[in-house]
1. Please report the net charge: other residues with Cβ closer than 10 Å to the Cβ of residue 155, K and R +1, D and E -1.
2. What list of ³J(HN,Hα) values in whole Hz, one per residue of region 94-106 in order, does the Karplus curve 6.51 cos²θ - 1.76 cosθ + 1.60 (θ = phi - 60°) give from phi, with Gly and Pro shown as x?
3. Under a point spin-label approximation (7 Å from Cα along Cα-to-Cβ), what is the residue 25-residue 38 distance to one decimal in nm?
4. Please state, to two decimals, what the Cα-based radius of gyration of region 59-119 comes to when divided by 2.2 N^0.38 Å (N = residues).
5. Using unit Cβ charges (K, R positive; D, E negative) and no other charged atoms, how large, in debye to the nearest 20, is the dipole of region 69-133 about its Cα centre?
6. Find out how many positive minus negative residues lie around residue 65, taking Lys and Arg as positive, Asp and Glu as negative, among other residues whose Cβ is under 12 Å from that of residue 65.
7. For an R0 of 41 angstrom, estimate the FRET efficiency from the Cβ-Cβ distance between residue 98 and residue 143 and round to the nearest 0.05.
Amino acid sequence: MTVRKDKPSKTGAERRSLFFTKVSKLYLTWAVGIVIGALGLKPTSINAEGVSLSIEKPEIVQGIVFLVCLWETSVLFAMVFISRVFLGRDIIRHMFWNVMPKGRKSFSGKALEDLEKLRAQVRFFTLINLWMNVLLMAIPAIFIIGHNHGALGSAIKAIFAFGSRETGSLTVD
């Protein structure tokens, strides 16, 4: 049986394309939060469709952007580990194609030990691929939790104070 080099299936390719689109949005959101903090943007009120919010602590805006970024990270983790974006049949087949020695890429005439070696190599490269993508999407979350927990904490406090209708750092006009 010959291993044919197959083009990735449309569903697998579409899922990976969606994943990388979401990763780019995650990094864009993270960059917006960093720019808000670096430039020291301090809005005092936000108006949207007749609702006006007065903000007593301007770092809350940066914290809310970081909360959105953490939410996007959790959605990406769900994509990777629940829908198994990087473990589709097309990826496994492509890994086998790359691992097979040059020449005739076939399983016929291979000893069981050789097949087990190929399988172990495919597992190794698949795990490397998976964890590189997990690291790619975890970098913003690690930075936010490690370095910007003050803005994140003030946003969480403001949201819970606003939700319980106490006078906190957000007031609705």
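Quick note: the coordinates plus some simple rules give every number you see, no bench work behind them. Note that the structure is a prediction, hence the values are computed from the model and not measured. Neighbour counts run over all protein chains shown; Cβ positions are idealised from the backbone, glycine included.
1. +1
2. For region 94-106, the Karplus-derived couplings read 5, 5, 4, 4, 6, 7, 4, x, 5, x, 6, 8, 9 Hz, x marking Gly and Pro.
3. Inter-label distance under the simple model: 2.3 nm.
4. Details: Rg = 20.7 Å, N = 61, 2.2 N^0.38 = 10.5 Å.
For region 59-119, the normalised Cα radius of gyration comes out at 1.97.
5. On the way: 10 positive and 5 negative charges, 72 e Å.
It works out to roughly 340 debye.
6. On the way: positive: none; negative: 59, 72.
Taking every other residue near residue 65 into account, the sum is -2.
7. Numbers: r = 33 Å, r/R0 = 0.80.
Computed FRET efficiency for residue 98 and residue 143 comes out at 0.80.
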